[in-house]
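A short worksheet on the structure shown next.
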Amino acid sequence: MGFDLYTYEDNSRLRSVVHWITDIIVAAAFAWFLVYGFLNQTIINGHSMSPTLEAGDICLVNRLAYDLGTPERFDVVVFEREDTGQQNVKRVVGLPGDKLQIVSGSVYINDQRLEDPRIGVLSLPGLAETPVTLGEEEYFLLGDNGDSSEDSRFINIGNVRLENIIGKVWFRLQPFQNIGLID
């Protein structure tokens, strides 16, 4: 009887270890599926989103966000440029149906001045010098560093269609001192 008890203890420990390893493998597989199934990783190029995002920052992009919903004003998004096919990161300022204009460095949406500290003074209004009315599923995107941003104000980007928006930038992975959610 003592021998059976000893064998039972070994089997119990072995079962615990096997269950523990199985749990780790299942959790790792689930995490891998989430990251590679619904998220992208993007590296910020240039200074157009400074100070929110800096060149070299590595961020996670939620690709599923706009399959289930639509971009909201002030979301930071990744989109594919039609002229080059490159991916860029900008902030959503104008939504479908909005009338947008840049006057004396300030953004006006539907004749109301946009009051948001993330959108600075824009010395070059570009296409938005005259009123721009966004069509259905069109968005007007600006960089947070307006004087150093190639964005919807310029003809080579213009209004960005929903189908060109890849996802919402929501989390900065690197540099580690700035890890966290994106405002």
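Below is a table of values for the structure above.
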read-out	value
Selected residue (only one of 67, 147 is free of Cβ contacts under 8 Å to residues at least 60 places away in the same chain, part of a helix (DSSP H, G or I) and closer than 25 Å to residue 39 by Cβ)	67
Residue tally, condition over 14 Å from the mean Cα position of the chain (by Cα) and of a type in the set (A, V, I, L, M, F, W, C), over the stretch 36-75	2
Hits in the stretch 138-183 - residues which are closer than 17 Å to residue 102 by Cα, surrounded by fewer than 20 Cβ atoms within 10 Å (Cβ to Cβ) and not small (Gly, Ala, Ser)	145, 147, 150, 154, 155, 159
Residue among 92, 77, 61 that is among the β-branched types (Val, Ile, Thr), in contact with a Ser or Thr (Cβ under 8 Å, 6 or more places away or on another chain) and buried (at least 16 other Cβ atoms within 10 Å of the Cβ)	61
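No lab work stands behind these numbers, since they all come straight from the coordinates. These numbers come from a predicted model, not from an experiment. Note that we place each Cβ from the backbone using ideal geometry, even for glycine, and neighbour counts take in every protein chain shown.
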